[in-house]
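Comments concern the structure below.
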Amino acid sequence: MQRTMLKSKIHRATVTACDVDYVGSITIDTDLMRAADLLPNEQVHVWDVDNGARFVTYVLEGAPGSGSMQVNGAAALLVERGHKVIVASFASFDAAELATHDPAVVHVDAGNAIALVGSDAGVLMDSPLASAAGFERSVP
């Protein structure tokens, strides 16, 4: 049996731009893509923390180090620049793979630079749980 599990997520990134006239997708800084194990054209779920909007789209590469998190196409009507979003990807795993699977959880700072990469999807950086789990804010 295969189970669909969280593969990776970028947690609480700031939307840097919205372009409704773009064909579609979300443009993400390639440094963030690499840290979250995302490939160009990979399907992702995007959840807007500020208004609850949720949509599914695909990833396009943004300039490395740019912090870009640009929502394109019709989905650009669901978010606003400055909103916080969670970008999540999922994959199917069999029982043997699940025994060693840990999702990549990429926490970012206010400029979308990588602040911490962990594997506990339930821990919010800078919360008491983060300290209990041994996560300390670290900027690479």
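What the table below lists for this structure:
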{"item": "Counted residues, the range 89-110 - those being without any contact (Cβ under 8 Å) to a residue 60 or more places away in the chain and surrounded by 14 or more Cβ atoms within 10 Å (Cβ to Cβ)", "result": "1"}
{"item": "Inter-residue pairs, beta-carbon under 7 Å, first at pLDDT below 95 and in the range 14-43, second open to solvent by 10 Å² or more (accessible area, probe 1.4 Å) and part of a loop (DSSP other than H, G, I, E, B), 6+ apart", "result": "none"}
{"item": "Positions within the range 26-42 being more than 19 Å from Lys84 (Cβ to Cβ) and part of a strand (DSSP E or B), in sequence order", "result": "none"}
{"item": "Residues of the range 67-90 satisfying the condition of being of a type in the set (Gly, Ala, Ser) and touching a Ser or Thr at 6+ places or on another chain (Cβ under 7 Å)", "result": "Gly67, Ser68, Gly73, Ala75, Gly82, Ser89"}
{"item": "Single residue of Ile86, Ile10 found to be open to solvent by less than 20 Å² (accessible area, probe 1.4 Å) and under 13 Å from the mean Cα position of the chain (by Cα)", "result": "Ile10"}
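The values are calculated or read from the model by the stated rules, or taken from the named source; none is laboratory data. No experiment lies behind these values; they were computed from the predicted model shown. FYI the Cβ positions are ideal-geometry reconstructions off the backbone, even for glycines, and counts take in every protein chain you see. Remember, those area values only see protein heavy atoms, side chains included, never the ligands or the DNA or RNA. Shrake-Rupley method; radii C 1.70, N 1.55, O 1.52, S 1.80 Å.
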